[in-house]
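Report on the following structure.
The values are calculated or read from the model by the stated rules, or taken from the named source; none is laboratory data. Just so you know, these numbers come straight off a predicted model, no measurement behind them. Every residue, glycine as well, gets a Cβ built from its backbone with ideal geometry; the counts of neighbours run over all protein chains shown.
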Amino acid sequence: MSIKLKSIKFGENKFRKLQKLEINFSDRITVIGGLNGIGKSTILGLIANCSGIRSSQYKSYFNALFQANFQELFHLDENDDYKEKIEDKSYIDITYLFDDIEFTKRCSVSRHSDKDSEGNLITRLKVVPRTLNKPLGTELKIGESAKVPLPTLYLGMSRMTPIGEYEKDRIRLTKVRNIEEADKNYIHQLFKDVITFDVSSTEDPIIDHDFKGSKKRSKLPSLKHNTFSISLGQDSLSSIFTALASFKKLKREMDAYPGGLLIIDEIDAGLHHIAQIRLMHLLKKEARRLNLQIVFTTHSLTIFKHILTVPESQIEKGIVEDTVVYLHNTPAPKILINPNYLRIKNNQLSQSKDPDLAFPRTPKVKIYLEDDEGKFFLEKIFSFKKINDFKALYGTELDLLSLKVGCSSLMNLIKADKYFSTVVIVPDNDILSEEKNRKAIIEHKQFCPLPSDKSFNENTPSIDRNPEKIIYDFLKDKIANYDSEDPFWEHILKINDGAYDFDYIQNTILPIPDRKYDNSQLPKIRDKMKYWFNIHKSFIENAKIIESWCQENTDQVDNFCKDLQMSIAFVCQDNSILTN
């Protein structure tokens, strides 16, 4: 079973300065950026704390378990981080995907009492990940306060402490001769791929640096000079490559390897720009090979630009494997919506004198819908969600366009012209009635079908899934299952002096016409429903019928809005290549 980190969500109460934020992680590389002191390292520490494997059977080449603990990485303050009252506590939800099953751990700071070696009672603070869905936790064999069993390695800034600042008697240099030959050659090759290194023969042993009283430890090839004299960049790379070799070893040894999570703070430290680009290429390749998710922080504009430049092949497939999450507004961090290189550069340099420079004008994102009914339905969803400032929510203006074509034609557009990789396509929900379409939508993030009714399942026929039929069935159900206490009736009887009552809807609205006003026939049920929808459009609008439907299908509408935001972000990231 594959395990992937999906998201981290900060609740209403602040943890340090982080509050009401949700970060989604990519399948391969997620870059977290922002100015100093904005909370990037805190985010890394929290996700590192929540997963790992405790079995001593599997150890990394750092001679440590594949796990980390927040309190060992960062100081937890009794006054600032710990809250006694439950209502004051900060809660952080970290969600994982076990194949396609979502599993969430809720983290908070708690106080624990232990006895030291002399029997004295000591109190310490810990960040404890507690299971939200206990039956699912039992099914997955994960304890209530146990870590998610995703092998995890965290590389902090201790890897960057200059060797020259350590006393010689605190450094143990060991020639490792029992390392697997494949891993030894692997470490050699990693160095060669990134920097020019004065490496000696591959027949010579790997050198292990172990620093007493520190978590700093790494392996590197034998050099033609003393390994104590390596640069900071070379030293940092040795830690990163030791981690990669550790996952390579684990994948080979572990029967049911679920993948891994590699977390790196300040990945660019000590590296020149060419080495940074080479390292990015290498990490992409090795993440795919080792089934790794890699999450790191950086201030490097070189790295931001590289990750934001989405390969043509990914654009065509509708899949972005690597993303940038950029935090701004240091006192109360927010996520920069649809980041592009120029906006990040201006934030990094604190340049904002010219608004057009800091926030360059970008073209509207076009959203194509099947027909006018779908466009009207989407507009009413925006009305229900009170979304009236697209730029504020999505980072770009939207242009809603009705194509007046069927769902199969919409599906074929992306194959016909690359232009349709740069727009969002919102088909009717009937597109989900076929398995091949469901797969295509998963593969192409530009597609975002209109929401389903809460009653729908995979077997719901396509004829019931278009917007006009969804609204018709909603009204029909209100009549068939009349409930005088239903808030729907309380709302609708206040409109137009109560004219929109039970009898009006039953006798005037629900009958489906067979012919148009000009007496021309409506042979197909879809034609009849479209005609019905349009002759009663003013009623549907005045009575806020679609908004009432949204109120009773909030989960479906909320999920649609999240998917739409992701589709817009995906398209904007593709288009940001033009502004990089």
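The table below gives the values:
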{"read-out": "Filter result (in a strand (DSSP E or B), modelled with pLDDT of 75 or more and of a type in the set (A, V, I, L, M, F, W, C)) within region 137-186", "value": "148, 153, 155"}
{"read-out": "Unmet criterion (only one of (1) closer than 27 Å to residue 39 by Cβ; (2) surrounded by fewer than 19 Cβ atoms within 10 Å (Cβ to Cβ)) for residue 262", "value": "(2)"}
{"read-out": "From the options 61, 96, residue that is crowded, with 18+ Cβ neighbours inside 10 Å, assigned to a loop (DSSP other than H, G, I, E, B) and modelled with pLDDT of 80 or more", "value": "61"}
{"read-out": "Identity of the residue in region 388-411, aliphatic (A, V, I, L, M) and under 16 Å from residue 364 (Cα atoms), that ends up surrounded by the fewest Cβ atoms within 10 Å (Cβ to Cβ)", "value": "392"}
{"read-out": "Restricting region 119-154 to residues that are surrounded by 13 or more Cβ atoms within 10 Å (Cβ to Cβ) and basic (Lys, Arg), the residue that is nearest to residue 68 (Cα to Cα)", "value": "147"}
{"read-out": "Residue 102 acidic (Asp, Glu), in the same structural domain as residue 310 (by TED's automatic domain parsing), surrounded by fewer than 16 Cβ atoms within 10 Å (Cβ to Cβ) and modelled with pLDDT of 95 or more", "value": "yes"}
{"read-out": "Long-range neighbours under 9 Å by Cβ, at least six apart or interchain, first residue in a loop (DSSP other than H, G, I, E, B) within region 468-495, second surrounded by 15 or more Cβ atoms within 10 Å (Cβ to Cβ) and among the aliphatic types (A, V, I, L, M)", "value": "495/543"}
{"read-out": "Pairs, first in the same structural domain as residue 152 (by TED's automatic domain parsing) in region 42-55, second surrounded by fewer than 24 Cβ atoms within 10 Å (Cβ to Cβ) and part of a helix (DSSP H, G or I), C-beta under 6 Å, six or more apart", "value": "45/73"}
{"read-out": "Matching residues, region 266-297, being surrounded by 19 or more Cβ atoms within 10 Å (Cβ to Cβ) and among the β-branched types (Val, Ile, Thr)", "value": "267, 294, 295, 297"}
{"read-out": "Filtered residues of region 287-314 (kept if hydroxyl-bearing (Ser, Thr, Tyr) and assigned to a loop (DSSP other than H, G, I, E, B))", "value": "298, 300, 309"}
{"read-out": "Pair list, Cβ < 7 Å and 6+ apart or interchain, from region 252-280 residues that are more than 29 Å from residue 58 (Cα to Cα) to residues that are among the charged types (D, E, K, R)", "value": "276/268; 278/193"}
{"read-out": "Test result for residue 393, assigned to a helix (DSSP H, G or I), touching a strand residue (DSSP E or B) at 6+ places or on another chain (Cβ under 8 Å) and of a type outside the set (Asp, Glu)", "value": "no"}
{"read-out": "Which numbered condition residue 475 fails, given (1) within 24 Å of residue 365 (Cβ to Cβ); (2) in contact with a Leu (Cβ under 7 Å, 6 or more places away or on another chain); (3) not acidic (Asp, Glu)", "value": "(1)"}
{"read-out": "Any hit, region 69-85, residues being farther than 30 Å from residue 341 by Cα, among the hydrophobic types (A, V, I, L, M, F, W, C), in contact with a Gly (Cβ under 8 Å, 6 or more places away or on another chain) and in contact (Cβ under 8 Å) with a residue 40 or more places away in the chain", "value": "yes"}
{"read-out": "Unique residue being part of a loop (DSSP other than H, G, I, E, B) and under 30 Å from residue 79 (Cα atoms) when the list is 45, 37", "value": "37"}
{"read-out": "Complete set of residues in region 482-520 that are more than 19 Å from residue 468 (Cβ to Cβ) and in contact with a Leu (Cβ under 7 Å, 6 or more places away or on another chain)", "value": "501"}
